[in-house]
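Following: one structure in structure tokens, then a few remarks.
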2 protein chains.
Amino acid sequence: MKSIQQQVSEKPWLGWVIFTGTLVAVFLIGLFASSVMERRTEALYAYQTFSDIGEWEADNAKWGQYYPQQYQSWLKTAEGDFKSKYGGNVMRDMLEEDPNLVVLWAGYPFSKEYNQGRGHMHAIEDIVIISRTGAPETMNDGPMPGTCWTCKGPDVPRMMQEIGITAFYGAQWASLIGEIKNPIGCADCHDPKTMSLQISRPALAEAFKRKGEDLAKATHQEMRSLVCAQCHVEYYFKKDVPGAEGVNYLTLPWDKGFSAESMEAYYDVANFSDWTHSISKTPMLKAQHPDYELYTTGVHANRGISCADCHMPYRSEGGMKFSDHHKQSPLNNISNSCQVCHREDTERLIADVYERQERILESRLKLEELLVKAHVEAGKAWEIGTTPEDMNGILQDIRHAQWRWDYIAASHGGSFHSPVESGRVLSTGIALAQEARVKLARVLTKKGVDQPISYPDISTKAKAQEYIGLDMKKENAAKKEFLEKRYPEWVNQPFAK
Amino acid sequence: MKSIQQQVSEKPWLGWVIFTGTLVAVFLIGLFASSVMERRTEALYAYQTFSDIGEWEADNAKWGQYYPQQYQSWLKTAEGDFKSKYGGNVMRDMLEEDPNLVVLWAGYPFSKEYNQGRGHMHAIEDIVIISRTGAPETMNDGPMPGTCWTCKGPDVPRMMQEIGITAFYGAQWASLIGEIKNPIGCADCHDPKTMSLQISRPALAEAFKRKGEDLAKATHQEMRSLVCAQCHVEYYFKKDVPGAEGVNYLTLPWDKGFSAESMEAYYDVANFSDWTHSISKTPMLKAQHPDYELYTTGVHANRGISCADCHMPYRSEGGMKFSDHHKQSPLNNISNSCQVCHREDTERLIADVYERQERILESRLKLEELLVKAHVEAGKAWEIGTTPEDMNGILQDIRHAQWRWDYIAASHGGSFHSPVESGRVLSTGIALAQEARVKLARVLTKKGVDQPISYPDISTKAKAQEYIGLDMKKENAAKKEFLEKRYPEWVNQPFAK
């Protein structure tokens, strides 16, 4: 074989080819190296932590200066959280869509107004404008306690730090209007020094502590669900916390477990009720949103998938990989969420979700219909003089049946997160609601009401609200006055006890 | 560089090294070539079709001579079909395990004996020894028609061909004892000429035809479920098939669809009932085993997985890949079934199955409890003189509730194949059973029965059978006599009408 030198000396033009080829190759390698270095710089930038974000910095925009990708995607939570079939940033009026709810919540503020939540960016705005927070006359007037602010944004840990947890819960909701201004954002989940995930709300930490579990031992992947579980859980306002007696102390009823039955047993033993139903006189429980609890019973949790894996999937921009802070339904973002694991068509995956949801919805609506009947029949039973002794077992069944309904109905996404468990819980609710009605049939027939009673017309929200005796005109006028006259002033007032 | 020749002439031993190395290499290549050729021969053997298996060859062993892997794996169906926690080839007495069933089936032969099915190899033996087929006195005596043999083996298509479908269904069960000898096997699903999958039973083909669908257009993958759907479906004995009036003509009630509600509507419109319940006098429906129907609503069917993919997964033996004809629970064979797609531990996958099954079981058992109460309460209502007019709506609710229970309870593996749909159907059943009890509470209380009635002790099969008035001693003695005296003779008698 001839050497390169021999070949070049035979064909002089070959030297130039090799020379030019080398030039081009070196140029391309240079370009590549530059690209790598640029990405590396961006990566350094993205994951570098900054120390001049203050420990209780509630201003999301301040964090956004250093973490623009996360911040800018977070801003999109203003766009609304659900699939386009419902439109974008629309506040769905759930009472209008399903007037049964008005009767189920008779005597409780939820019967006045209940909307499908919008994105995190609307958290403050939405709690201010909703009828449920009422129309306080002064900043130290009710009806709602400071506790109602707990999940609304990073000003909460700031204020808890400033005035103390018990004082925060013990304040009136109105008194904190001037303080809680930044909607759910950075400091709710992140440590400003290390950017690692952290728990900023006391209730979750306290619940773990009572169970003898150490939140500090949670893995990063577990934290990617637990930061959500600070708020997306079942909770109640406990009134007898030692050292905070009489205060609406936000507490997770987890001491006996996560299941519908375990929490129900917890509430029964504590003899707790959220309100007394105005028709059936049942001591009721209102489920908040046991999203995390129900999620833990599903296949995704079982496979180690966290909330963030689907609701905040990683995406890439300019060569940088970051967690998409536009928390939303994964149905809006199938390619980055579901399709990371599931190799099926987008339409197929969406159809799968709806199919599960529709099957569970059928049982949920059946249970609602039965609960409405049970409340109305119980109201009739009281009316014709049934004794409290005869009513006790009935009311217990109604309480449990509606709790089980609400455990599923209030659990965001539960019918997808854990459809089999959702179906199971609804089945037990249906059996209990009907058990109440079997007993009601006995007490009613005994007193001569031996035919099915006539149920009210609750075909619209307005009719249902009228039936339960709500004066929404008055409520709405008072709210309007509060929003126009007092709120604009109070929003600039600092907290003062 | 020195040439090989130069090197060898310098170091003479090198020649021997090269020579020996070449010998070894050629030897190994020879071994490899032989192995490849052997496998190729086996492959040819495995997939070659033979023409000397007769068109209606019912003897599985005859097929086995040509298809030893398939045949030998099929023989293993004798070993029993379920997970070792229940033991191997055990016939589970479901009435003993769950005496509620005795009351649910009062007045129907299922209340006498109902066992968890064993493998296909036991099909003939098990239908002969079970109480439900009774103790016929002569070969043209009842109680069961020839139709009951339909799914028991390849002698059925042979006999249908020989005597005609209507004559087969129209014969007495006893008259065919000497003909149906080969348990469910080769000719039930395979064409002997081409070995392709074929439908050998009329009911499935007829059901498709009535729906205007063409079974011949089914893909091979669809056929890998449809051959199972010849038997693993809901069916009933239709008595008014044109040209076969009065004959128990096996018919799939699919004309309105596959769902529990669709088939219920089909039966209601046809005014069909399997029997009248001996306690509540309800015109009842007995679900057979709507395995295929419920499977189609689940995620595996949705992803195009056939019955055979999990119950007869491919395996390899001696370099040959073939479908494992040991049809069994995939739980016995996780590595060849689930783990082909699911990359999880065996224990995890088994736990997942049990978890779904247990959640569905809870609702199923609740519905059983409510149905027992409803039957007993309805019995009481008749006893105290409730009119048929007052009972009609109640009996309709019981009929529908128990049908929905049975649609799930009788569907083998349904709580895994389609847990969400199973939960949905059970929920509707619970609501209906309780609706019957609400109405029963009214009619009972009106006549002075204003307290919960006392329910019978049905804690064992024997107690439950005594409660519904079954004389099992007499039944068992008659069966014993039939098996010892008449059966051994009849089993050698050819069919004679």
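The values are calculated or read from the model by the stated rules, or taken from the named source; none is laboratory data. What you see is a predicted model, and the numbers here were worked out from it, not measured in a lab. With ideal geometry, Cβ positions are generated from the backbone for all residues, glycine too; neighbour counts draw on all protein chains shown. These accessible areas exclude ligands, DNA and RNA; they are computed on the full protein's heavy atoms, side chains included. Shrake-Rupley method; radii C 1.70, N 1.55, O 1.52, S 1.80 Å.
Which distances, shortest first and in nm, link A:Trp13 to the matching position in the other copies, using label points set 7 Å out along Cα to C-beta?
5.4
Could you list which residues have their amide H under 5 Å from that of A:His190, counting only those 5 or more apart in sequence or on another chain, with H placed in the peptide plane?
A:Gln198
Placing +1 on the Cβ of each Lys and Arg and -1 on the Cβ of each Asp and Glu in the protein assembly as shown, which of B:Gln465, A:Ile468, B:Gly246 has its Cα farthest towards the positive end of the resulting dipole?
After comparing all options, I get B:Gly246.
For Cα pairs less than 8 Å apart in space and 6+ apart in sequence, what is the mean separation divided by the residue count of chain A, i.e. the relative contact order in percent?
Reported as a whole number, the value is 18 percent.
Tell me, how many Å apart are the Cα centres for the stretch A:410-431 and for the stretch A:118-188?
Cα centroid to Cα centroid, the span is 31 Å.
Would you please put A:120-133, B:175-188 in order of how densely packed they are, using the mean number of other Cβ atoms within 10 angstrom per residue and starting with the highest?
The packing order, highest mean first, is B:175-188, A:120-133.
Would you please give the residues with an amide H less than 5 Å from that of B:Gln172, counting only those at least 5 places away or on a separate chain, with H modeled from the backbone geometry?
Amide H neighbours of B:Gln172, under 5 Å, 5+ apart: B:Gly146.
Rounded to two decimal places and with Rh computed the Kirkwood way over Cα pairs, what is Rg over Rh for the stretch A:217-344?
Reported Rg/Rh, Kirkwood definition of Rh: 1.09.
Would you list, by chain and number, the aspartates and glutamates whose Cα falls below 19 Å from the Cα of B:Lys281, excluding same-chain residues fewer than 8 positions away?
By straight Cα distance, B:Lys281 reaches B:Glu264, B:Asp268, B:Glu368, B:Glu369, B:Glu377, B:Glu383, B:Glu389, B:Asp390, B:Asp397, B:Asp406, B:Glu435, B:Glu466.
Please list 3J(HN,Hα) in residue order for the stretch A:324-338, calculated via the Karplus relation 6.51 cos²θ - 1.76 cosθ + 1.60 where θ = phi - 60°; whole Hz, with x for glycine and proline.
5, 8, 7, 4, 7, 5, x, 5, 7, 8, 4, 5, 8, 9, 3
For the stretch B:232-365, what relative contact order do you get, as a whole percent, if you take Cα pairs closer than 8 Å and at least 6 residues apart?
This gives 15 percent for the stretch B:232-365.
Estimate for me the total accessible surface buried between chains A and B (protein heavy atoms, probe 1.4 Å, no ligands or nucleic acids), in Å² to the nearest 100.
3300
I need the phi-derived Karplus couplings for the stretch A:283-298: 6.51 cos²θ - 1.76 cosθ + 1.60, θ = phi - 60°, integer Hz, Gly and Pro marked x.
Result, ordered by residue: x, 8, 10, 9, 6, 7, 8, x, 5, 5, 4, 6, 4, 5, 8, x Hz.
Using only the Cα atoms of the stretch B:271-423, build the gyration tensor, take square roots of its eigenvalues as a ≥ b ≥ c, and label the shape rounded, prolate or oblate: rounded if a/c is under 1.5, else prolate if a/b is larger than b/c, else oblate.
prolate
Restricting to DSSP H runs of at least four residues, report the calculated mean residue ellipticity at 222 nm for chain B, -39500 (n - 2.57) per run over all residues, nearest 500 deg cm²/dmol.
-15000 deg cm²/dmol
Rolling a 1.4 Å sphere over the protein heavy atoms, what is the accessible area per residue of the protein assembly as shown, to the nearest Å²?
Value for the protein assembly as shown: 46 Å² per residue.
Spit out the partnerless Cys residues in the protein assembly as shown, using Cβ distances under 4.7 Å as the pairing rule.
Unpaired cysteines in the protein assembly as shown: A:Cys148, A:Cys186, A:Cys189, A:Cys310, A:Cys338, A:Cys341, B:Cys148, B:Cys186, B:Cys189, B:Cys310, B:Cys338, B:Cys341.
How do A:98-110, A:377-389, A:427-439 rank on mean C-beta neighbours within 10 Å, highest first?
Per-residue mean Cβ counts within 10 Å order the peptides as A:427-439, A:98-110, A:377-389.
Would you tell me the mean number of C-beta atoms belonging to other protein chains that fall within 10 Å of each C-beta in B:297-303, as a whole number?
Neighbouring Cβ atoms belonging to other protein chains average 2 per residue here.
Once the label point is set 7 Å along the Cα-to-beta-carbon vector, what list of distances in nm do you get between A:Ser316 and its counterparts in the other copies?
Label point to label point, same position, other copies: 3.4 nm.
In Å and on Cα atoms, what radius of gyration and Dmax does chain A show?
Rg and Dmax of chain A, Cα atoms, are 28.6, 120 Å.
What nm distances, shortest first, do you get from the label point of A:Lys473 to those in the other copies when the point sits 7 angstrom along Cα to Cβ?
Once sorted, the set of distances for A:Lys473 reads 8.0 nm.
Mean Kyte-Doolittle of at least 0.5 and a Cα length of 27 Å or more along the axis: which whole DSSP H helices of chain B meet both?
B:13-47
Which pairs break 30 Å Cα to Cα here: A:Lys473/A:Lys497; A:Lys209/A:Lys479; A:Lys366/A:Lys446; B:Lys76/B:Lys366; B:Lys256/B:Lys321; B:Lys286/B:Lys463?
A:Lys473/A:Lys497; A:Lys209/A:Lys479; B:Lys76/B:Lys366; B:Lys256/B:Lys321
Run the accessible area of chain A with a 1.4 Å probe and give the carbon-and-sulfur part as a rounded percent.
That fraction is 56 percent.
If the protein assembly as shown were replaced by its equivalent ellipsoid, with semi-axes equal to the square roots of 5 times the Cα gyration tensor eigenvalues, what would those be, largest first, whole Å?
Over the Cα atoms of the protein assembly as shown, the semi-axes work out to 57, 53, 22 Å.
Which whole-Hz ³J(HN,Hα) couplings does the stretch B:449-463 yield from phi under the Karplus relation 6.51 cos²θ - 1.76 cosθ + 1.60, θ = phi - 60°, glycine and proline marked x?
Along the stretch B:449-463, the couplings run 8, 9, 10, x, 6, 8, 8, x, 7, 10, 6, 10, 4, 4, 5 Hz.
Other chains' Cβ within 10 Å of B:348-359 residues: what's the mean?
Across B:348-359, the average partner-chain Cβ count within 10 Å equals 2.
Taking H placed 1.01 Å from N in the peptide plane, check which residues at least 5 places from B:Met284 or on another chain put their amide H under 5 Å from its amide H.
B:Asp274, B:Trp275, B:Thr276, B:His277
Set the Förster radius R0 to 35 Å, insert the Cβ-Cβ distance between A:Asp345 and B:Ala462 as r into 1/(1 + (r/R0)^6), and round the FRET efficiency to 0.05.
Plugging the Cβ-Cβ distance into 1/(1 + (r/R0)^6) gives 0.05.
Quote to one decimal, in nm, the extra length available between A:Lys321 and A:Thr387 on full extension: 0.36 nm per residue of separation minus the C-alpha distance between them.
17.2 nm
For the stretch A:376-497, what does the convex hull of the Cα positions come to per residue, in cubic angstrom?
Residue-normalised Cα hull volume stands at 211 Å³.
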